[in-house]
Structure formats: C-alpha cells, structure tokens
Amino acid sequence: MSATRLRSSTRNASYGEARHSAEGATAASHQPPATRRAREGWHGWDAYAPFYDWENAQTLGRRDVPFWRRVAMQAGGPVLELGCGTGRVSRPLAEAGVDLVGIDRSAPMLARALARRNTAGAKAGRAPTSPRFGGTRPRLVRGDIRALPFHPRAFAMVLAPYGILQSLIRPRDLTATLASIARVLRRGGTLGIDLVPDVPQWREYTNREQLSGPGNGAHLTLIESVRQDPARRLTTFTQRYVERRGRRTREHCFDLTFRTLTVPQMTHQLERAGFAVQTVLGDYQGRPWDDRADVWIILARRLRG
Ligand SMILES: C[S@@+](CC[C@H](N)C(=O)[O-])C[C@H]1O[C@@H](n2cnc3c(N)ncnc32)[C@H](O)[C@@H]1O
C-alpha cells in the first residue's frame, strides 16, 4: 500500500485532529477525476518513491520488521521478498543473516534500496561493488512479481509484506503471481503474506491535508483523496505532494490503487494455487486473527509441484 495508505489506523492515531483542520483547503483547484481508473497496480510507485520513506516513518515505521525477521530466520535457505521497495524490510533481514533477494518493479524505489544496501555494506566494511551479498546485503532485482525471473524452486521462503499483494488490482494479476510464487518456492516452503484489511472501509474524501512537515531538505505537505470502487474491491488514493524549498514550490501527483480481498477469499486463492494456509495472525506479536484485526498475516505452505 501506499504501504502507508494501508496503515489508516496507525495514521489516524498519529495525527488525530490536526490533519482534519486543513481538510478541503485546496479542494477547488485539485479534484480527482471521478471516472479515472488505474490501469495497473504498479502505477504510481515511481512518483511515490521520493516520499515513501518520509511518509512511512510517520505511520508503520518498522513495527513489522521483528516479526518478518523471526519468520525469515527459520527459512533454512534463500528468501525472496516481493515488492521490496526502498529496502525497509529487506535490509534489516539481510543484516540479521538472512540470504535475501528483493524484487520490485519500480526503478526509483529500488534505487533507494540500493543506496540503503550500500550504506549498510560500507558500515560493515565492504566495498559497495562487492559481489558477496548474503549475510549483510540483500540482492536486488528489478522485475514484476506476476512473472518472477527466477529458477524453479530457487527459494525456501517467499515474503509478501505490507500489502504488496493488494497492488494486484485484477483477479488475473493475483492468479499469475500466486502461480509464479508456487513455481519459485520449494515444496514445503513458506509463503508469508501481510494484508492491510481496512482500506475498503475508508470514507471517501477529497483533497484532505494528511501530513505536513520537514522532509527531503524541504517542507512537504501531503494532500490526499480517496475513492472506493466496491464492485471491484478497489481503493484509489490520489496523492499530491507539495514540496516547498524557499520560494520554490513543486507538486507531485500520482494515484495508488489497491484491491483488498477477505481472508476467506485469499485462502481460497492460495488453495487453488497449491498452498495450504497454516496460520492466520492478527498482529505482529502473534495474536490470532479475528474480524477486528487491523493486520492480516497469513503463513501458507507450498504443497505440491
Ligand atoms: C507498499 S510498497 C512495499 C515496500 C516494502 N516491502 C515495504 O514494506 O516497505 C509496495 C512495493 O511493491 C512494488 N510493486 C507493486 N506492484 C508490483 C509488481 N507487479 N511487481 C513488482 N513490484 C511491484 C512497488 O513498486 C512498491 O515498491
């Protein structure tokens, strides 16, 4: 989700009333077209890249990282992270000794992950160009998760943190991705999925100021609109970042769209793709899932192939 879009409850808690006060301030000049539809779930992420870490630091932060580290440490082989983005999860996992490969379609998101990876490598005393990665640095690959560019059974575990599977906005995208994961995952290997369930319940709004403060050497303001398409289970966030540097103001506009299935629907899709759901959790501390959980974590095992 915007990885951050999906953390609505976290954001609400962090920003409380302040974010509502400026709501609608610029509504007249920037109405998102009501009929605009996302063409692909990966659209928007290139434009979002410069702002992702800034926004994320104020919402989810790294709260999910210890959970994924614990899970990944049990893989017993290479681990693939789908939609690794700026390396928020992949870097700490690699630093903990996980043999990690991260894949993402967005070059600007990966560029940030690469910068992070090389910083970590420099701290560990390795040249940024060192061919030896496992143990401290994730390997980063540009590609689409619907057609994973890896050998069959190359991975002992595949992780899909922070709503990445919700970026698959058509049923056929999810089907292709699960088939692709099943191909690259060893028999008995674990697929870990984190879904952000409350997105379809967000009220629609237009041009609401959500965040504001210093960032990227400038002053940033995020103005956001939300549209729901219940028939297709889609939620679209139109984001407008206003970047002020001294007297200069630049605006960056983009849409991010997510498709949210229920746990039973996702379970059905997983079973069809050859997985057995082992565990469904409702938070990163391991509480069992129920209808009110604001996080859905599914751990599934690959059965056949
Ligand atoms: C919510 S971010 C998650 C980033 C990172 N895993 C984290 O937790 O911070 C989703 C990422 O998935 C990537 N993405 C979306 N659709 C994709 C696709 N079809 N193939 C590969 N990457 C995709 C985006 O570029 C973005 O970096």
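Any read-out appearing in this document is the output of simple, stated calculations on the displayed coordinates, not a laboratory observation. What you see is a predicted model; the values in this text were computed from it and never measured. When we count neighbours, we look across all protein chains shown, and the Cβ atoms used for this are built from the backbone with ideal geometry, even at glycine.
Data for the structure
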| quantity | calculated |
| --- | --- |
| Spin-label pair residue 141/residue 253, simplified geometry with 7 Å Cα→Cβ offset, distance in nm | 3.7 |
| Centroid-to-centroid separation of the range 65-87 and the range 162-193 [C-alpha atoms, Å] | 15 |
| Trypsin sites (Lys or Arg not before Pro) within the range 224-304, DSSP loop, no more than 12 other Cβ atoms inside 10 Å | 247, 292, 304 |
| The range 173-224: radius of gyration and largest Cα-Cα distance (Dmax), Å | 19.1, 49 |
| R0 of 35 Å, Cβ-Cβ distance residue 70-residue 46: FRET efficiency to nearest 0.05 | 0.65 |
| Most positive-pole-ward Cα, 252, 231, 289, against dipole of the range 195-305 from beta carbon charges | 252 |
| Protection proxy ranking of 150-163, 50-63 - average other beta-carbon atoms within 10 Å, highest first | 150-163, 50-63 |
| Under the Karplus curve 6.51 cos²θ - 1.76 cosθ + 1.60, θ = phi - 60°, whole-Hz ³J(HN,Hα) for the range 284-290, x wherever Gly or Pro sits | 7, 9, x, 5, x, 5, 9 |
